[in-house]
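Read through the structure below, which is laid out as structure tokens, and then see the notes.
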Amino acid sequence: MTTSAIERTRSTQDLILGVDVGGTFTDFVFLQDGAIKIAKRPSTPDDPGRAIINGLTEFGWSPEEVVHGSTVATNTLLTRTGAPTALITTRGFRDTLVIGRQARPDLYALHPQRHEPLVPQRWRFEVEERISADGTVVTALDLEELDGVLDRIERTGVRSVAICFLFSFINSVHEAQAAQRARERGFRVSASYEVLPQHREFERMSTTAANAYLAPVMTGYLDALEARLSSDASRDVRLRIMQSNGGSLSAGSAGRHAVRTVLSGPAGGVAGAFASAESDGFPQAITFDMGGTSADVALCPGRLLERTDLVVDDMPIRTPAVDLHTVGAGGGSIAWFDPGGALRVGPQSAGADPGPASYGTGTQPTVTDAHAVLGRLRPEQQLGGTVALDIDRARRAIAAISEPFGSVESAAQAVIDVVNANMARALRVISVERGYDPANFTLVAFGGAGPLHACDLADAVGIPQALIPSSPGVLSAAGMLISDITRDAEQGLHVAVDPDASGRINALTAALDDLAGQARRAIAEDGYDQGVVIEFAADLRYRGQSHELTVSLSDGFEAESVRDAFHVAHRERFGFASLDTPVEVVTARAKARHPGHRGDITLRQEAGGSEDGRAVVTWHQPLDTRILPRDLVVEPIHGPAIITQIDTTVTVPPGWISAPLPSGSLLLSRETRS
């Protein structure tokens, strides 16, 4: 464990913990009496909460509030270990989950493999009811048939039920009736008009089924964790969970709306990285979070970008989320040869158990082992303050794949080159492929492994500089600590915004007023009814388009301002705007936001550490390299250099300079050639 100093603009007696459970390490950032303490300890994949409780016990911390980034929802979907779930839908639509949109993700696959839906056919039920596209009741819900269906579900032993009727997002009367009857019989219900009241039947049903599948697991995990936290602290501890959109909500709400947490952990990292970049004067940022299992990248053109169309293990999930791209490239990613003899790295990972070979228990070659072999991870440094590196074991692991490369060092460099290529491709997806020039951005590298690769990736993609926050290895947990408390409300509707329209759009205004009330009530239920700000947005498209963009309505609901905001967003995203084409609103959105601790804290590494030294490190060739702890970086450092700290290692390759900033961050840039 290590601690770091803190600068605060106000004096408080806060006892708040931000904790990020990753695939390899669990990161802690604890705010206590005006000081920050940071720590890392190995994760416990079989029970993620155990690492949190064990850490608090080991460190002697007693928080009053815990903000938690959870991978429970994501892992439950990926491993198909959710609650047995039944589906009740309109007659004729029970196979929507299977039919989907008939899309083929692998166009040329002769034998395409499809994942089984979360709800098997035997648990998908239909009832007689029909509502038209304009919300008119065509056929009343057959309550007697519904009761029979609930009887059949009861006999199966399934206790979680998803309800999704046709056009219920326009008129929810039938879904509300069905949900009430099911809840009266003790079922845990996820109704689409509560989970996702939007158009597109398949996505709405898929998201509702996912929520029903996840909610019992998430609720059980959070209830148990909250009880353990309060028991150990001998008082009630408030538990908040990160949402996919970078805000947090109460544990109770997270259990009911589990599908909103599928990107819980990565969202905290993006929020923390953007806050760090903005405070250092680099609002045009590309965030790069590399942990033990995966790497997450996000484009922040002066703001956090959100999206609503996620795909998790081939399942469409509609929920507000930070717009990021993930690849299976982490410090624990395993190197292997494909049938053609090409070297691959990931997506399989050694994780926390057994971990990389250099951690002393693993045997397979990983990215971490490659860095250890090349001398970029130092044997005198304990990773996370707890893991001593076994360099000999790392060499044996890399030696197993070294024959085609001629030496262990060449094989290690090949592993680094391959994983860098994978991550550079991800950076291009979110920048170049969207019309953004990477040369106009700063790469913000964090996570335990991110600063090891920052300069290589900046070179590969054409980014001029990289920013390393002061405590990058725990930045995701810090992002959770400073996250705002948010609650979202949305409603599908269809409103035309014609070019000659004038004044406020009445239907949109009425919908947004209603949604603002819903969001306020929801955040008040979480205990935040003061200092709440409401933000409005809408999903807009040109008439005839089949896709839409989420656009902020901060300039008001006047028809002209709505159209202008969409034209700007469309030109920014696609490079053109069709000024004479009518604009349509398809979804109205309201977000209630209560400010967290953003802007209050600045993490700094504490003084101390070993003295300045030198060693031979391989940078495609062996070079005499300066080795120094981060607290000794008080002036620009010319590469090659290795900067060590408790939560990560920063590499400064030849031709690069590392300069300290007043905030404690490091700015890495290329040397100017004379």
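Quick notes
- When Arg240 is tested against (1) at pLDDT 90 or above; (2) surrounded by fewer than 24 Cβ atoms within 10 Å (Cβ to Cβ), just one condition goes unmet, and that condition is (2).
- Hey, Arg521 modelled with pLDDT of 90 or more and open to solvent by 20 Å² or more (accessible area, probe 1.4 Å) or not: yes
- Of all residues in segment 429-444, those that are more than 14 Å from Ala460 (Cα to Cα) have Cβ atoms under 7 Å from Cβ atoms of residues that are open to solvent by less than 10 Å² (accessible area, probe 1.4 Å) and part of a helix (DSSP H, G or I), 6 or more apart or on another chain, in Val444/Ala273; Val444/Ala277.
- Meets criteria (in a helix (DSSP H, G or I) and surrounded by 14 or more Cβ atoms within 10 Å (Cβ to Cβ)) for Glu560: yes
- Among the residues making up segment 196-219, those that are open to solvent by 20 Å² or more (accessible area, probe 1.4 Å) and touching a helix residue (DSSP H, G or I) at 6+ places or on another chain (Cβ under 8 Å) are Glu201, Phe202, Val217, Thr219.
- Test result for Asp484, of a type in the set (D, E, K, R) and open to solvent by 30 Å² or more (accessible area, probe 1.4 Å): no
- Any hit, segment 346-354, residues being under 30 Å from Ser402 (Cβ atoms), open to solvent by 30 Å² or more (accessible area, probe 1.4 Å), of a type in the set (Asp, Glu) and not in a helix (DSSP H, G or I): yes
- Given (1) within 19 Å of Pro629 (Cα to Cα); (2) in contact (Cβ under 8 Å) with a residue 60 or more places away in the chain; (3) of a type in the set (A, V, I, L, M, F, W, C), number of the condition Ala388 does not satisfy: (2)
- Against the numbered list (1) in contact with a strand residue (DSSP E or B) (Cβ under 6 Å, 6 or more places away or on another chain); (2) farther than 24 Å from Ile334 by Cα, Pro316 comes up short only at (1).
- Exactly one residue out of Ile398, Ile317 is β-branched (Val, Ile, Thr), more than 30 Å from Met242 (Cα to Cα) and at pLDDT 90 or above, and it is Ile398.
- Look at (1) open to solvent by 30 Å² or more (accessible area, probe 1.4 Å); (2) part of a loop (DSSP other than H, G, I, E, B); (3) at pLDDT 90 or above and you find that Leu377 fails only one, number (1).
- Checking the stated criteria, Pro404 turns out not to satisfy the condition of being in contact (Cβ under 8 Å) with a residue 24 or more places away in the chain and touching a Ser or Thr at 6+ places or on another chain (Cβ under 6 Å).
- Some residue of segment 265-282 being outside the structural domain of Thr363 (by TED's automatic domain parsing), surrounded by fewer than 24 Cβ atoms within 10 Å (Cβ to Cβ), under 30 Å from Gln364 (Cα atoms) and under 15 Å from the mean Cα position of the chain (by Cα): no
- Val311 satisfies every condition listed in (1) in contact (Cβ under 8 Å) with a residue 60 or more places away in the chain; (2) among the β-branched types (Val, Ile, Thr); (3) farther than 28 Å from Gly527 by Cβ except (1).
- Any hit, segment 89-102, residues being open to solvent by less than 10 Å² (accessible area, probe 1.4 Å), on the phi < 0 side of the Ramachandran plot and assigned by TED's automatic domain parsing to the domain that holds Leu146: yes
- Among the criteria (1) assigned to a strand (DSSP E or B); (2) buried (at least 19 other Cβ atoms within 10 Å of the Cβ); (3) not aromatic (Phe, Trp, Tyr), the one Thr326 does not fulfil is (2).
- Within segment 252-263, the set of residues being open to solvent by less than 10 Å² (accessible area, probe 1.4 Å) and over 17 Å from the mean Cα position of the chain (by Cα) comprises Ser253, Gly255.
- Breaking point among (1) out of contact with any Phe, Trp or Tyr (no Cβ under 9 Å at 6 or more places or on another chain); (2) surrounded by 15 or more Cβ atoms within 10 Å (Cβ to Cβ), for Leu508: (1)
- For Phe165: the one exception among (1) among the hydrophobic types (A, V, I, L, M, F, W, C); (2) under 23 Å from Asp134 (Cα atoms); (3) under 22 Å from the mean Cα position of the chain (by Cα): (3)
- Within segment 616-630, residues that are under 17 Å from Gln413 (Cα atoms) have Cβ atoms under 6 Å from residues that are assigned to a helix (DSSP H, G or I) in these pairs: Thr618/Leu374; Thr618/Glu409, counting only partners at least 6 apart in sequence or on another chain.
- The condition (being modelled with pLDDT of 95 or more and either in contact with a Gly (Cβ under 9 Å, 6 or more places away or on another chain) or not acidic (Asp, Glu) (or both)) is satisfied by just one residue among His199, His174: His174.
- Total residues in segment 355-374, condition open to solvent by less than 30 Å² (accessible area, probe 1.4 Å) and part of a helix (DSSP H, G or I): 10
- Residue count, segment 290-314 (criterion: outside any strand (DSSP E or B) and more than 30 Å from Pro112 (Cα to Cα)): 6
- Of the residues making up segment 107-126, just one is part of a helix (DSSP H, G or I) and open to solvent by less than 70 Å² (accessible area, probe 1.4 Å), namely Trp123.
The values are calculated or read from the model by the stated rules, or taken from the named source; none is laboratory data. Source: prediction; values computed, not measured. Note that we place each Cβ from the backbone using ideal geometry, even for glycine, and neighbour counts take in every protein chain shown. What goes into the accessible areas is simple: the full protein's heavy atoms, side chains included, and nothing from ligands, DNA or RNA. Shrake-Rupley method; radii C 1.70, N 1.55, O 1.52, S 1.80 Å.
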